[in-house]
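The values are calculated or read from the model by the stated rules, or taken from the named source; none is laboratory data. Predicted model, so just to flag it, every value in this text is computed and none were measured. No Cβ is skipped: glycine too gets one built from the backbone with ideal geometry, and neighbour counts run over all protein chains shown.
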Amino acid sequence: MKQDNKVVSFSGQKPFSRFDLPPALVRLRDTSGQSLKSVLGRFFERADDALFELADRAGSNKDQTVYFDAMRELRLRRKTMVVSVLQYVSQAFNDIGQFRPRQTGGTLDEVDHDSLSLVEHSDLEQRVAIDNLISKLRNRYQSPIQLLSLRVNHLVPGVELVDNQMPLSPEVICGGVAEACADLDIDIRAKLVVLKLFDRLLADTLGDFYQEANRTLISEGILPDVKRVPVRPSAGKPDARSATSAPVPSSPAQQGSEEKTREQGNHQNYGYDPIQGGVSNATFSELSALLHQRDNANITDEPGSAGQAYLDTDRLMARLSQAQASFGNWDGGEVASLDQQLQSVLRAANGQKANIGQVDSDVINLVSMLFDFILEDRQLHPVMKALIGRLQIPVLKVALSDKNFFNRGGHPVRKLLNELALSAIGWSEKRSGQRDPLLEKIESVVNRVLNEFTNNVSLFDELLKDFSHFTDLDRRRRELVEQRLRDAEEGRARQERACEVAETLVKDFAAERDIPEPVLEMLGEAWTRYLQWVFLREGEEGERWADARELTGHLVWSVDPHPIDDSTRNELLRAIPAIVDEFRMALQEISWDPFATDIAIRDLELAHVDVFQRLATAPTRPSTVVVAEELVTEPRAELESVPPVLSMPVDEAKTSEEETVVSQHWLDQTSRLRVGAWIELIRDDTKLRCKLAAFIKATGKYIFVNRSGAKVAEYRRQELGAAMESGAVSMLDDGLIFDRALESIIDNLRSSRKD
């Protein structure tokens, strides 16, 4: 029985479902989700350190417990909180037009001041903190937020969105944070500290986040030329736009019309775009102006002199199609530059070079410079550069027929080139006879273009969709492999850390003590294993760890009590039974071999017998130091006298001499290295491309994987810095290749104009 007709929209506007969202919004939702996940990951790393410092500086045990509880709660709920925030933000996309923020994300304006006494004090404080954060973000990033809202509204013209419904608005992001923090089972003081940490991190990092979100929509062709939000005219006044305000098209058709108008003008606004973070999309006329200022060219659209043939655009396109067919076969070698390929195309029947119009000449020069950049780019493997280089003539045909090709970020040809280059950034040749799916896929894309493209740009849309589907499947497979590797490395790091802390604790207690060899072996094996088990379960801040540490001190003291006075024997008689019982239960808890446990207890008891024999024959002396008696009778006092356990990773504990081996510049470079960044390392005279899959904070290790997700290298900070300084490791730029090429062209043309 159908019931769809019974559903009524009370808002008066048709909501979108997650299945019919505009593709650009789907792309924005997915890419921003990954970026926000990284931001949240950095938050939890900082929060752990900050709460530990607060606990360390706490003025009372109660305050210290509050911060330790908050640290433990955040660790336990980290994944749940990340998922909660991401789901909240994703829902703002999926339910766009009907998204209703939950009360936890409400603002103070929604509070009924007449019934303020009914609002819990802690809830009110949390709401104040969230409201302040929203205001701070809106004030600091007003321009990129407004531009993002403008582009989102352009995609859903039939939907009116208020601030707390706009995807990725501060209200939505902070609402997700508030909801994730609402269920934290911690003291309100600690919760406010957590919100303050969110405040600091988001205020510092969301600028890049909003710039990236705008770049994502610009790459999809959504208002690429809008650099500022147009000023809305006052009520009752005509819609007069200033000369500096960018027009805001209300439809793709209007957008195309206005782009054409701008192209025919003589604008000079090719400069730095604060939203895109690089050189703005210069129009074709602007690029032509730069070309002419460099070359002082005097080429006209009129036919050449007598005896010199002239090729109009149609005949030039026909010749290019013939050349395209002849370049269809590829032997795997290097590909000639566009200038070399065009020598036969531009040759007239008499053997002389044919004359072409100024516009066509400018297009050829620009496309030639684009591919010169691509073919010289060290970020790509020579095989991949050769494959992409085979597309020079088809791309030239597209540029000749559509001058918006240069300034339209969402053009399918530009997007396809970017996707091909991005997927190939980490590619390395397979062994002979080994199948290479990526190489085969790129070859098939290039071959289809060469064999099927005439003037049907829709072919590039089809190829882009198919190739994106291929890369998405490949990316998901690699992410699964990389996640398993990260989990394994983090587990190994925690195990190494537990082993290091346990061994250090035993060594610190046993230092300068006369411990029988069997007991020393027991401490180094069975007891160290127990300490590792406790550390892995609860960490250093847990109560169990404090008990295990205390029992370690009692074990050592029971076989070599220091200092000795008249009360030592009685203290031992009272304490040893409990020490032995706790020792036995500890080994049983980790399922230590029962036979080995009995042997260890027997050795411990024999050591105790030896201690009593020594006490019976040794001369006694009065206790002259009060602290000595407290060390025996008060376990906590003993713990306070023990040297602190080293809590820093091994590489951070290295001497300053090792730090001076690498210059600070390269150490700073390693610190800024982001997960997902590609590098090229030289190993045994072989260049290997790999990606940073994880940074293991506990051990300070950088883990690198190849394109298949397999681990190929690991470095500590100093090692990586030294390798970068020596040239054994170099960074690869994984930015969009077409945009980098266009930026390089504009910079070069400007430089030549100044010269």
Practice problem: Mind telling me which of the residues LYS227, LYS196, LYS191 ends up being in contact with a strand residue (DSSP E or B) (Cβ under 9 Å, 6 or more places away or on another chain) and not small (Gly, Ala, Ser)? | Solution: LYS227
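Out of LEU692, LEU667, LEU720, report the one residue that is at pLDDT 80 or above and outside any helix (DSSP H, G or I). Step through it out loud before you land on a result.
On the way: LEU667 fails: outside any helix (DSSP H, G or I); LEU720 fails: outside any helix (DSSP H, G or I).
After ruling out the rest, the residue left standing is LEU692.
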Quiz item: What is the residue count in the stretch 58-88 for residues that are surrounded by fewer than 16 Cβ atoms within 10 Å (Cβ to Cβ) and modelled with pLDDT under 80?
Solution: 5
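I want to confirm something. Restricting to the stretch 199-241 and keeping residues that are small (Gly, Ala, Ser) and over 29 Å from PHE405 (Cβ atoms), which single residue is modelled with the highest pLDDT? Steps first, please.
Keep residues of the stretch 199-241 that are small (Gly, Ala, Ser), which gives 203, 207, 213, 219, 221, 234-236, 240.
Now narrow it down to the ones that are over 29 Å from PHE405 (Cβ atoms): 203, 207, 234-236, 240.
Details: ALA203: 79, GLY207: 83, SER234: 38, ALA235: 38, GLY236: 39, ALA240: 35.
Looking at residues that are small (Gly, Ala, Ser) and over 29 Å from PHE405 (Cβ atoms), I get GLY207.
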Exercise. Kindly indicate the residue of the stretch 342-399 that is at pLDDT below 80 and aliphatic (A, V, I, L, M) and also farthest from ALA741 (Cα to Cα) among those meeting that condition.
Key: ALA349
Quiz prompt | Top-ranked residue of the stretch 726-745 - restricted to ones that are within 24 Å of the chain's Cα centre (by Cα) and over 30 Å from ASN407 (Cα atoms), ranked as surrounded by the fewest Cβ atoms within 10 Å (Cβ to Cβ) | solution = SER730
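Working carefully through the options LEU464, LEU551, find the one that is touching an Asp or Glu at 6+ places or on another chain (Cβ under 7 Å) and more than 30 Å from GLU582 (Cα to Cα).
Numbers: LEU551 fails: more than 30 Å from GLU582 (Cα to Cα).
Selected residue: LEU464, the only one of LEU464, LEU551 that is touching an Asp or Glu at 6+ places or on another chain (Cβ under 7 Å) and more than 30 Å from GLU582 (Cα to Cα).
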Quiz item: In the stretch 417-429, is there at least one residue being closer than 11 Å to PHE460 by Cβ and surrounded by fewer than 22 Cβ atoms within 10 Å (Cβ to Cβ)?
Solution: yes
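Going by the conditions given, is ASP472 under 40 Å from the mean Cα position of the chain (by Cα), among the acidic types (Asp, Glu) and modelled with pLDDT of 90 or more? Please lay out each step first, then the result.
Numbers: under 40 Å from the mean Cα position of the chain (by Cα): yes; among the acidic types (Asp, Glu): yes; modelled with pLDDT of 90 or more: no.
When the stated conditions are applied, ASP472 does not pass them.
Return the residue satisfying two criteria in turn: it lies in the stretch 562-591 and is acidic (Asp, Glu) and closer than 24 Å to GLU512 by Cβ, and of such residues it is farthest from the chain's Cα centre (by Cα).
Pass one, the stretch 562-591, residues acidic (Asp, Glu): 565-566, 571, 581-582, 589.
Cutting the leftovers down to closer than 24 Å to GLU512 by Cβ gives us 565-566, 571.
Numbers: ASP565: 61, ASP566: 64, GLU571: 58 Å.
Here the answer is ASP566.
For the stretch 66-79, which residues satisfy the criterion of being free of Cβ contacts under 8 Å to residues at least 24 places away in the same chain and under 20 Å from the mean Cα position of the chain (by Cα)? Quick ask: steps written out before the conclusion?
Filtering the stretch 66-79 for residues free of Cβ contacts under 8 Å to residues at least 24 places away in the same chain gives 76, 79.
Listed by number, the list holds a single entry, LYS79.
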Quiz item: Are there any pairs with C-beta distances below 6 angstrom linking a residue in the stretch 504-531 that is under 15 Å from SER558 (Cβ atoms) to a residue that is hydroxyl-bearing (Ser, Thr, Tyr), with the two at least 6 apart or on different chains, and if so which?
Solution: VAL506/THR528; PHE509/THR552
Quiz prompt | Any pair with Cβ under 6 angstrom, 6 or more apart, that starts in the stretch 607-621 at a residue that is under 13 Å from LEU573 (Cα atoms) and ends at one that is part of a helix (DSSP H, G or I) and at pLDDT 85 or above | solution = HIS608/ILE576; LEU615/ARG569
Exercise. Out of the residues in the stretch 507-540 that are under 20 Å from ARG602 (Cα atoms) and of a type in the set (Val, Ile, Thr), state the one that is surrounded by the most Cβ atoms within 10 Å (Cβ to Cβ).
Key: VAL519
Quiz item: Can you tell me which residues in the stretch 439-457 are buried (at least 21 other Cβ atoms within 10 Å of the Cβ) and part of a loop (DSSP other than H, G, I, E, B)?
Solution: PHE453
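Quick check on my filter: what residues within the stretch 536-561 are under 18 Å from ILE515 (Cα atoms), part of a helix (DSSP H, G or I) and not small (Gly, Ala, Ser)? Let's see the steps before the verdict.
If we filter the stretch 536-561 for residues that are under 18 Å from ILE515 (Cα atoms), which is where we start, we get 549-561.
Narrowing further to those that are part of a helix (DSSP H, G or I): 549-559.
ARG549, GLU550, LEU551, THR552, HIS554, LEU555, VAL556, TRP557, VAL559, listed by residue number.
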Quiz item: Taking the stretch 671-703 only, how many residues are buried (at least 19 other Cβ atoms within 10 Å of the Cβ) and either out of contact with any strand residue (DSSP E or B) (no Cβ under 8 Å at 6 or more places or on another chain) or of a type in the set (Val, Ile, Thr) (or both)?
Solution: 4
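Yes/no matrix, rows are residues, columns are (1) free of Cβ contacts under 8 Å to residues at least 40 places away in the same chain; (2) surrounded by fewer than 17 Cβ atoms within 10 Å (Cβ to Cβ); (3) of a type outside the set (Val, Ile, Thr); (4) not in a helix (DSSP H, G or I):
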site	(1), (2), (3), (4)
SER149	yes, no, yes, no
GLU171	no, no, yes, no
GLU179	no, no, yes, no
ILE186	no, no, no, yes
PHE209	no, no, yes, no
Quiz item: Can you name the residue in the stretch 151-167 that is within 27 Å of the chain's Cα centre (by Cα) and at pLDDT below 85 and is also surrounded by the most Cβ atoms within 10 Å (Cβ to Cβ) among such residues?
Solution: ASN164
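It is to be established whether one or more residues within the stretch 434-455 are closer than 23 Å to PRO394 by Cβ, at pLDDT below 85 and not β-branched (Val, Ile, Thr).
In the first step, residues of the stretch 434-455 are kept if they are closer than 23 Å to PRO394 by Cβ; the result is 438-455.
From what's left, at pLDDT below 85: 455.
With not β-branched (Val, Ile, Thr) added as a condition, the list becomes 455.
The answer is yes; a qualifying residue exists.
Take residues that are over 28 Å from the mean Cα position of the chain (by Cα) and within 20 Å of GLN322 (Cα to Cα) and tell me which of the helices (runs of 4 or more DSSP H) falling wholly in the stretch 337-438 contain 1 or more. Give the steps one after another, and end with the answer.
Values: elements: 338-345, 358-376, 382-389, 392-401, 412-424.
Ranges flagged: 338-345, 358-376, 382-389, 392-401.
Going by what's in this entry, would GLN293 be described as over 41 Å from the mean Cα position of the chain (by Cα), polar (S, T, N, Q), assigned to a helix (DSSP H, G or I) and at pLDDT below 80? So that I can check it myself, show each step before the final result.
On the way: over 41 Å from the mean Cα position of the chain (by Cα): yes; polar (S, T, N, Q): yes; assigned to a helix (DSSP H, G or I): yes; at pLDDT below 80: yes.
When the stated conditions are applied, GLN293 passes them.
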